[in-house]
Each structure stands twice: as structure tokens, then as C-alpha cells.
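The values are calculated or read from the model by the stated rules, or taken from the named source; none is laboratory data. Worth saying up front: this structure is predicted, and the values here are computed from it rather than measured. When we count neighbours, we look across all protein chains shown, and the Cβ atoms used for this are built from the backbone with ideal geometry, even at glycine. Areas reflect the complete protein model, heavy atoms only, side chains present, ligands, DNA and RNA absent. Shrake-Rupley method; radii C 1.70, N 1.55, O 1.52, S 1.80 Å.
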Amino acid sequence: MNDQTRDAIVRISAYGFLACIALLLVSSFIFGKDVGFWLLASLMPAYSIYYAIMYWQLCKNYSDEVKRLSAFGTIGRGTLAGAIYYVSLFLIIVFGCIVFSLLMDGA
């Protein structure tokens, strides 16, 4: 797989993340807070895990060394795909802490 194909997959997946957020907001407005909460609790962690793993796997295999280094560096945070990668990692940590807290309260 060449770098252009990797860029296209990462960009399409980033737009998919934005579509999930839009779906979350629109469904909350139309169907109410309960539906929005369940989408937030189910769809967002699943897509965040997918996006973080996909971004890491594709970007570590760039042929161009500059692209590979900039994907995870300060420059990567300035791109849409890089920013969504770090937002996905943040969401994974937040949802992980929530699940861990819920499991510890029940024990």
C-alpha cells in the first residue's frame, strides 16, 4: 500500500469520526437525551478504538520518513486526522476510567 492510499484511508476515517459526532448531536436533538447518551456510550468508544488503532497501524508504516515522524509529532496535531487521533485517545482514556470506576464501585 502506498502513502497516498494510506492518506485516503486516514482522511475518510477522520470524516467518519466527524459523522459519528454529527449523528450523536442530531439524534440527541431529534430523539432526546436518552438516545444521545446511548450513542455516546456505545458508538463513540467503539469508533475511537477503531480510529486510534487504524491511525497507529497505517501511519507507522509510511514509506516517507518525514510523514511517519510528523504523523505522531507536533505537526500531526495540526492536521484534522492527527487531532482526531489525539481526541480518540482522550476518549478511550475517559471511557476506560468511567468503566473502571463503575467496576470498582460494584466490587
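In the assembled protein chains, residue 40 presents an accessible area of approximately 70 Å² (probe radius 1.4 Å). When nucleic acids and ligands are ignored and a 1.4 Å probe is applied, residue 74 ends up with an accessible area of around 110 Å².
Estimated from helical segments only, the mean residue ellipticity of the chain at 222 nm is -30000 deg cm²/dmol, where each DSSP H run of four or more residues counts as -39500 (n - 2.57).
Accessible surface area normalised per residue over the chain is 65 Å², counting heavy atoms of protein chains with a 1.4 Å rolling probe. With viscosity set to 0.890 mPa s at 25 °C, what whole-number translational diffusion coefficient in µm²/s follows for the chain from Stokes-Einstein and a Kirkwood radius over Cα pairs? So the translational diffusion coefficient is about 163 µm²/s. You can think of it this way: the chain between residue 77 and residue 1 has 25.0 nm of extra reach, that is 0.36 nm per residue less the Cα-Cα gap.
Taking the chain as a Gaussian network of alpha-carbon nodes connected by springs under 10 Å, the highest mean-square fluctuation of the residues 88, 13, 63 belongs to 63.
Here the accessible area is traced with a 1.4 Å probe on the protein chains. For region 3-106, carbon and sulfur cover 73 percent of it. The stretch between residue 29 and residue 60, if pulled fully straight at 0.36 nm per residue, gains 7.3 nm over its current Cα-Cα span.
Scalar couplings 3J(HN,Hα) for region 62-72, obtained by applying the Karplus form with A = 6.51, B = -1.76, C = 1.60 to θ = phi - 60°, are 4, 6, 7, 5, 5, 5, 5, 6, 6, 5, 10 Hz; x denotes Gly and Pro. For helix 33-59, report the angle its Cα long axis makes with the longest principal axis of the Cα atoms of the chain; keep it between 0 and 90° and round to the nearest 10°. Helix 33-59 and the main axis of the chain meet at about 20 degrees. Axis of helix 3-31 versus longest Cα principal axis of the chain: the two differ by about 20°, to the nearest ten degrees. Taking the Cα centre of the chain as origin and assigning +1 to Lys and Arg Cβ atoms and -1 to Asp and Glu Cβ atoms, the resulting dipole is close to 140 debye. By a 1.4 Å probe calculation restricted to protein chains, residue 77 has an accessible surface near 130 Å², given to the nearest 10. I need to check one value: relative contact order of region 3-106, counting alpha carbon pairs closer than 8 Å and at least 6 residues apart, in percent. Answer for region 3-106 is 30 percent.
For the chain, chymotrypsin sites (Phe, Trp or Tyr not before Pro) are listed when DSSP marks them as loop and at most 16 other Cβ atoms sit within 10 Å of their Cβ; the list is empty.
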